[in-house]
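See below for the structure under consideration.
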Amino acid sequence: MEFSIKSTSPGQTKSGCAVVGVFESRKLSTAAAALDRDAKGHLKSIVERGDMDGKLGMTLVLHNVPNVASERVMLVGLGPESGFRDKQYREAVAAAIKTLNATGATDASLHLTEIGSVKRDVKWRVANAVAVAGETVYRFDKMKSKTDEARPALRRLALGAGDKSALRRATAGLEEGLAIAHGVSLAKDLGNLPANVCTPTYLAEQSRELAKRYRMKVTVIESEDMEKLGMGALLSVARGSAQPPKLIVLEHRGGAKSQKPVALVGKGITFDTGGISLKPAPEMDEMKFDMCGAASVLGTLKAVGEMRLPINVVGIIPTTENMPGGRATKPGDIVTTMSGQTVEILNTDAEGRLILCDALTFAGRFEPAAVIDIATLTGACVIALGHVASGLFANDDALARELLTAADAAFDRAWHMPLWDDYQEQLKSNFADFANIGGRPAGSVTAACFLARFAKKFRWAHLDIAGTAWKSGKEKGATGRPVPLLTQFLLTRAGRGK
Ligand code: BES
Ligand code: MN
Ligand code: ZN
């Protein structure tokens, strides 16, 4: 979809549909009232007839509204004015876009961005409208032989900036919102692609393309070099697969040479069968999403590249399939990690931590200001937090707070989980330095404790996105999370948080 900014009044903006808001108890928003003055009270009379009561998310499309340049006018319910905040604003925009997509309009002008009631400036309002609109119109039909184009879906959306003086801030908001929407879309696309297409090699190719487009440095480490580096844990996961594993390194150098980079490390298991500790058949298809951490790193780097953020960011993606086979790792096998620590692999299905531990050790080479890993790591995290919040673990409280603040600002929730040493006992092994599993109790915490043993030399946080990276059921598909969180975190670090 194409976006633009308009500062003409709602009644005079020409489009397929002008979208304005109505509060509960039938109060027209400022933009709706302005349009109604042109329409000589037409809206007011319809609202008073009771056809639009202003309930949040309700929509009503009107045709032939007199003296208005647009072909249609859409009224969107905003709920009670006193309770109209950020969240309600985003919901109203989503409802408007959903309805717009079902009308015959191919272009529209959205004037919800002009609602003064949200205590946010026009940059925020535009950025959030664009991000929400991008989210709402997303479709994944790359793998269908035909796409259903029954209706001409919405192609162009103009956002009302109110007046000319707001144009510059609105344009900045547009750029930011677009960058986030594009990053989220990329993460969704990569997540939704089946594992026979989205292999480690495919992720490496996509990274090369990103690097070319945004002038980043890319390095792809192959298995021979992994061996030289001593990445015994990462290699142990790849042993059962016919697909070669990769370790992808993407560097965005937007900051000063001397500035230490933020390293984003994403779990890239392109399919997780569990290996010899084979998973049960039902829903196993969803294990194609086990590379959503990697996808979120690429999505975030796309957003960062598009915004040319003045900050240094390194993306590190260990990627492989986890398959059973004659050469596959067996329960009880002991491997030596790049750090030198040995691990007894008691369950080959706890493979995420095995590829991440070597990637974390590798990340240390960049002398990072902070390392954040993102992983669909544990089913236990889904039990703990459901599909609402990602689990956040950190060895540094200030970093945890920074990420939580970004999560709230981006409407991409995370919840701080404990990482006390008390839990480390559960990883005890009789034969190696420690085991790769810690039993059922606190499964997401012991997984994080395992990773913490490889993150002692830097500030580190871990996001367990097992419950938030994709949806199951009728709406099965990747969510693009936590690209909004990560992008917000980097925006703030780059001094562009507001
Ligand atoms: N990729 C899975 C985690 C997962 C499971 C995410 C279900 C989303 C839904 C991970 O590799 C895994 O299999 N973890 C095991 C760990 C266990 C063997 C200690 C799990 O959570 O069951
Ligand atoms: Mn697994
Ligand atoms: Zn996994």
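The values are calculated or read from the model by the stated rules, or taken from the named source; none is laboratory data. Remember, it's a predicted structure, so these values are computed and weren't measured experimentally. As a convention, Cβ positions derive from the backbone with ideal geometry for all residues, glycine included, and neighbour counts pool all protein chains shown. Just so you know, the surface numbers come from the protein's heavy atoms only, side chains and all, with ligands and any DNA or RNA stripped out. Shrake-Rupley method; radii C 1.70, N 1.55, O 1.52, S 1.80 Å.
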For GLU48 and LYS142, what does the FRET efficiency come to when R0 = 56 Å and r is the distance between their Cβ atoms, rounded to the nearest 0.05? 0.75
Students often forget the sequence filter, so: which lysines lie under 19 Å Cα-Cα from LYS164 once same-chain residues fewer than 8 apart are removed? LYS6, LYS14, LYS123
In the structure shown, do any of LYS142/LYS188; LYS302/LYS457; LYS228/LYS279; LYS55/LYS87 have a Cα-Cα gap over 22 Å, and if so which? LYS302/LYS457; LYS228/LYS279
Gained length - ARG156 relative to LYS228, 0.36 nm times residue gap less alpha-carbon distance: 20.7 nm
Please give the peptides 369-381, 193-205 ranked by average Cβ packing (other Cβ atoms within 10 Å per residue), highest first, as a rough proxy for protection. 369-381, 193-205
Simple SL model, points at 7 angstrom along Cα→Cβ for ARG213 and THR342; separation in nm is 4.6 nm
Can you give me the % of accessible surface on the chain that is carbon or sulfur? Probe 1.4 Å, all protein chains present, nothing else counted. 50 percent
Gain on full stretching of the segment that runs from GLU2 to ARG440 - 0.36 nm per residue minus C-alpha separation: 152.8 nm
How many nm separate the modelled label positions at ASP285 and HIS387, each set 7 Å beyond the Cα in the direction of the Cβ? 1.6 nm
What's the extension gain from GLN12 to VAL197 if we count 0.36 nm per residue and subtract their Cα-Cα distance? 61.8 nm
Spatial extent of the stretch 183-493: Rg and Dmax, with the Cα atoms as the point set, Å: 17.4, 51
Sparse-neighbourhood loop sites, GluC sites (Glu not before Pro) in the stretch 15-86 - DSSP loop, at most 16 other Cβ within 10 angstrom: none
Where the stretch 183-493 is the region considered: accessible area per residue in Å², 1.4 Å probe: 39 Å²
Run the simple label-point estimate for THR30 and LYS456 please: 7 Å along Cα→C-beta, distance reported in nm. 5.8 nm
Given a 1.4 Å probe, the accessible area of the stretch 2-166 per residue, as a whole number of Å², is 47 Å²
Considering all alpha-carbon pairs of the stretch 156-224, what whole percent are spaced by more than 14 angstrom? 73 percent
Could you tell me whether the stretch 189-255 comes out rounded, prolate or oblate from its Cα gyration tensor? Rule is a ≥ b ≥ c as square roots of the eigenvalues, rounded for a/c under 1.5, then prolate if a/b exceeds b/c, otherwise oblate. oblate
Expressed in µm² per second, the diffusion coefficient of the stretch 96-247 from the Stokes-Einstein equation, with Rh the Kirkwood radius over alpha carbon pairs, at 4 °C and 1.567 mPa s, is 68 µm²/s
Ranked from highest to lowest mean number of other Cβ atoms within 10 Å per residue, what is the order of the peptides 488-496, 276-284? 488-496, 276-284
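When the dipole is taken about the Cα centre of the stretch 56-142, and only Lys, Arg (+1) and Asp, Glu (-1) are charged at their Cβ, what size is it in debye, to the nearest 20?
Using only the charged Cβ atoms, the result is roughly 240 debye.
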In terms of the charge dipole of the stretch 2-166, which places +1 on Lys and Arg and -1 on Asp and Glu at the beta carbon, the residue among PRO80, LEU60, ALA108 farthest towards the positive end is ALA108
Membrane-span-like helices in the chain: DSSP H runs reaching 20 Å or more (Cα, own axis), mean Kyte hydropathy at least 0.0? 122-137, 167-192, 292-307
Per the 1/(1 + (r/R0)^6) rule, R0 = 30 Å and r from the Cβ atoms of THR405 and GLU425, FRET efficiency to 0.05 is 0.40
Calculate, axis by axis, the spread of Cα positions in the stretch 2-166 along the three principal axes, and write the results as whole Å, longest axis first. 48, 33, 30
With only helices counted (DSSP H, runs n ≥ 4, each -39500 (n - 2.57)), the per-residue ellipticity at 222 nm for the chain, to the nearest 500, works out to -11000 deg cm²/dmol
